Amino acid sequence: MTSVITRLATIEDVPDIQRLFTQGDAYHAGILPTVFLALPHARPDRIIEACIESPDSDFLLALLDDRVVGFAEVKTGGRPDAPMFIPGRLAVIENMVVDEGHRGRGIGTKLIEEAKFWAEARGLEAMQLTVWSSNGAAIRLYERMGYRPVIQRMELDL
């Protein structure tokens, strides 16, 4: 396999990001059909463009043979602004998708590593992400990369 390269997204990459979001949403609809709908183009382009243009967020792209095969959407954030929390500047991985035909090949690992470099370059103190409890493959990846649970959100169907 040709080596994966990474770079920051530009506005010209929005169609590829949309394609991957559609795949990711379909995957989530498969594992959580009571939560997700598999819709094409579920996010307005302007939302993706705003992330690309903001100084506090980026889409990190993984490319294989000049084709976008994955992304990690990263943003700066912080702990809640309340007296009981120690202030801290964090990087948050909002979304990550690897093309369905390229999963299991280390592309997710490469994107997580790049997100860490992105955060370190900004002097951030920690990284956070959320993952659905039924997404075992993602949980295993994140645990291999050193992530650990710090909160658990629970839900009761009514």
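Of the residues Leu8, Leu158, Leu64, the one with the largest accessible area comes first in the ranking Leu158, Leu8, Leu64, computed with a 1.4 Å probe on protein heavy atoms. Extension gain, Phe85 to Thr109, is 5.6 nm, computed as 0.36 nm per intervening residue step minus the present C-alpha separation. Cα gyration tensor of region 14-158, axes a ≥ b ≥ c as square roots of the eigenvalues: rounded (a/c below 1.5), prolate (a/b > b/c) or oblate? Rounded shape, in that the Cα axes give a/c under 1.5. Of Ser134, Ser3, the order by accessible heavy-atom surface (1.4 Å probe, DNA, RNA and ligands excluded), from most exposed downward, is Ser3, Ser134.
Please label the shape of region 1-69 as rounded, prolate or oblate, based on the square roots a ≥ b ≥ c of the eigenvalues of the alpha-carbon gyration tensor (a/c under 1.5 means rounded; beyond that, a/b larger than b/c means prolate, else oblate). Oblate. Distance between the modelled labels on Ala29 and Arg7, one decimal in nanometres: 3.2 nm (7 Å Cα→Cβ projection). Among Phe85, Phe36, the sequence by solvent-accessible area, most first, with a 1.4 Å probe is Phe85, Phe36. The shape of region 88-155 comes out oblate: with a ≥ b ≥ c from the C-alpha gyration tensor, a/c is at least 1.5 while a/b does not beat b/c. The string of couplings for region 144-158 from the Karplus curve (6.51, -1.76, 1.60, θ = phi - 60°) is 4, 8, x, 6, 9, x, 10, 8, 10, 9, 10, 9, 10, 6, 10 Hz, one whole number per residue in order, with x for Gly and Pro.
As a calculated quantity, the FRET efficiency between Ile151 and Leu39 at R0 = 30 Å, using C-beta atoms, amounts to about 0.60.
Entry comment: accessible area of region 2-106 is 55 Å² per residue, from protein heavy atoms only and a probe of 1.4 Å. At what distance in angstrom do the alpha carbon centres of region 1-52 and region 60-106 lie from each other? For region 1-52 versus region 60-106, the Cα centre distance is 12 Å. Full extension of the chain between Ala137 and Arg67 yields a length gain of 22.9 nm, computed as 0.36 nm times the residue separation minus the alpha carbon distance.
The values are calculated or read from the model by the stated rules, or taken from the named source; none is laboratory data. Being a predicted model, the structure only gives us computed values, none of them experimental. As a convention, Cβ positions derive from the backbone with ideal geometry for all residues, glycine included, and neighbour counts pool all protein chains shown. Ligands, DNA and RNA are stripped out before the accessible areas are found, and what is left, the full protein with its side chains, is counted by its heavy atoms. Shrake-Rupley method; radii C 1.70, N 1.55, O 1.52, S 1.80 Å.
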